[in-house]
Amino acid sequence: MQITAEYKNKQYRYTMSEYAVEIERMTVKLENLFMDSGNLSMNYFVRIENALNEMEQTERQDLKAVNEWWSNLQEDFKRLNRNYQDYLREFYSGKSDKVLKSIEFVIHKDRFISYLQEFVKQLQNKSIRIENIIKKLPRQRVDGVLERVIESELAIPHPDSEIQDLRENAIRENIYGKWKSLSDWFISTDKHPSESQKVMDITDEVIRKIIQNAALIVQIQNWGISRKEDYKKFIRMFAQCENVEAAHKLSAHVFGIQHVRHFKVNCPRSTDSLNSSVFDELPSEYELKPHTRTYKPRIHKSGFESKVLEKLAQRNQYLKKLEEDRKLVMKYIQDKQLDISRIDECISVDTRDTLLRWITQANLTVSKNGRTEYGQAFRLIQQEGSHTLKCEDGKLVMPRYIFQFED
């Protein structure tokens with residue numbers, strides 16, 4: 001019994017499942033992740049092209065050579081796909097954004113741009129050639145070669161012979177899927193573009209990003225440089241020009257092609273013609289203010305005009321009008337009463353508004369009492385019937401009211 005137990009321990013001590021093997025391989029890969037860097041090598045395109053040109057010969061070769069041909073083709077394709085992904089992914093990481101925006105990167109930007117442009121040029125050339133080779137392959141030949149590849153895979157002996165049928169279906173699906181992935185990488189369809197076209201677009205975007213960041217860094221460096229002396233020199237050169245045509249030529253030589261900018265100011269034009277040039281109109285001045293927080297506009301001190309007499313005249317005019325309105329209303333008061341029905345003459349608009357204001361004020365109270373703006377207390381009495389009050393702007397039909405004033 002002891003010998004049997006030792007035999008079993010020795011037999012199963014280092015036995016690992018397929019999942020454990022893959023996990024161990026992934027752990028080793030993670031340890032060397034920062035040591036392995038992607039590249040944009042063109043050798044894989046050459047190998048894939050040569051392998052596709054040798055596809056016709058595989059039909060006459062033995063299964064071992066067919067399996068080796070297929071393994072090399074898939075290995076080159078896998079390395080090509082993985083290397084470009086690893087290399088271009090570095091430009092979209094958070095660390096790379098910081099590096100691309102650093103001043104030290106400007107020195108090495110030309111190397112990156114040259115490297116990427118050479119890759120795009122070779123990719124465009126090689127991908128078109130491989131695409132033409134795949135399109136020219138007859139479907140019958142492709143199926144025949146893939147079936148030979150399936151036979152070569154099945155010819156490799158495995159201990160799990162009981163699941164041979166399931167293994168054959170899985171191998172067939174895997175091989176046809178890999179061939180479709182290879183075709184889709186180089187050939188575009190109506191539903192989606194090819195992967196090679198996506199790689200070229202991404203590479204162009206990376207180049208544009210590098211150039212943009214480098215230009216921004218140079219611009220930031222130049223912000224601290226004073227261009228005052230350069231501007232003085234340009235002004236003296238333009239002042240020495242004999243005419244406008246000479247100034248135009250000097251501007252084209254000094255500044256080159258400029259971006260068009262439209263400036264609009266609130267100043268009247270000397271002409272409304274759309275065909276007139278800015279050089280045909282009179283110059284206008286526009287005050288520029290400095291963009292600093294401590295800047296404060298200069299306050300121009302000036303005197304002010306005294307308007308005491310105008311205010312006094314307006315006040316006297318207002319008081320005079322109030323007195324006239326009071327007299328117009330008071331003349332209708334007889335025996336401490338103002339009866340609306342006894343007003344037969346045409347009254348002014350101000351008198352009507354005054355009467356209606358008194359009526360509204362009294363109706364707001366329960367006791368129907370009110371007080372005029374002249375200090376007189378009254379009580380409002382409503383009688384039966386109505387009365388037509390003649391006004392300057394029309395006739396007003398209203399109830400018969402009596403204002404009973406106190407002493």
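The condition (being in the same structural domain as L380 (by TED's automatic domain parsing), touching a Ser or Thr at 6+ places or on another chain (Cβ under 6 Å) and free of Cβ contacts under 8 Å to residues at least 24 places away in the same chain) is satisfied by just one residue among L282, L364, L328: L328. The criterion of being in the same structural domain as N50 (by TED's automatic domain parsing), at pLDDT below 80, surrounded by fewer than 13 Cβ atoms within 10 Å (Cβ to Cβ) and within 30 Å of Q212 (Cβ to Cβ) does not hold for S161.
Is it the case that some residue within region 290-310 is part of a helix (DSSP H, G or I) and either in contact with a helix residue (DSSP H, G or I) (Cβ under 6 Å, 6 or more places away or on another chain) or at pLDDT below 85 (or both)? Within region 290-310 (the criterion being part of a helix (DSSP H, G or I) and either in contact with a helix residue (DSSP H, G or I) (Cβ under 6 Å, 6 or more places away or on another chain) or at pLDDT below 85 (or both)), the answer is no, since none of the residues qualifies.
Figure legend. Inter-residue proximity from region 57-76: first residues of a type in the set (K, R), second residues in a helix (DSSP H, G or I), beta-carbon distance below 8 Å, spacing 6+ or different chains. Indicated pairs: K64/S152.
Scan region 261-283 residue by residue and report those that are more than 37 Å from the chain's Cα centre (by Cα) and among the hydroxyl-bearing types (S, T, Y). If the condition is that a residue be more than 37 Å from the chain's Cα centre (by Cα) and among the hydroxyl-bearing types (S, T, Y), then S270, T271, S273, S276 are the ones that fit. Only residues that are farther than 22 Å from C346 by Cβ and either of a type outside the set (D, E, K, R) or buried (at least 16 other Cβ atoms within 10 Å of the Cβ) (or both): list them for region 396-407, please. Passing the criteria: Q404, F405.
The listed residues are S306, S302, S341, and the only one of them that is within 52 Å of the chain's Cα centre (by Cα) and over 19 Å from E373 (Cβ atoms) turns out to be S302.
Contact annotation: residue pairs with Cβ atoms under 7 Å, 6 or more positions apart or on different chains, pairing a residue in region 339-351 that is assigned by TED's automatic domain parsing to the domain that holds Y401 with a partner that is acidic (D, E) and part of a loop (DSSP other than H, G, I, E, B), are C346/E392; S348/E392; V349/E392; V349/D393.
Before we move on, is T365 exposed (fewer than 12 other Cβ atoms within 10 Å of the Cβ), out of contact with any Phe, Trp or Tyr (no Cβ under 9 Å at 6 or more places or on another chain), in a loop (DSSP other than H, G, I, E, B) and modelled with pLDDT of 85 or more? Answer is yes for this residue. Taking the criterion of being at positive phi, in a loop (DSSP other than H, G, I, E, B) and either exposed (fewer than 13 other Cβ atoms within 10 Å of the Cβ) or under 60 Å from the mean Cα position of the chain (by Cα) (or both), the only residue of region 368-395 that qualifies is G375.
Give the residue that is modelled with the highest pLDDT, with candidates limited to residues of region 192-241 that are surrounded by 11 or more Cβ atoms within 10 Å (Cβ to Cβ) and not in a helix (DSSP H, G or I). Ranking the qualifying residues of region 192-241, first place goes to C241.
Going through (1) modelled with pLDDT of 75 or more; (2) surrounded by 10 or more Cβ atoms within 10 Å (Cβ to Cβ) one by one, E245 falls short only on (2).
The values are calculated or read from the model by the stated rules, or taken from the named source; none is laboratory data. As the structure is a prediction and not an experimental result, all values here were calculated from the model. Every residue, glycine as well, gets a Cβ built from its backbone with ideal geometry; the counts of neighbours run over all protein chains shown.
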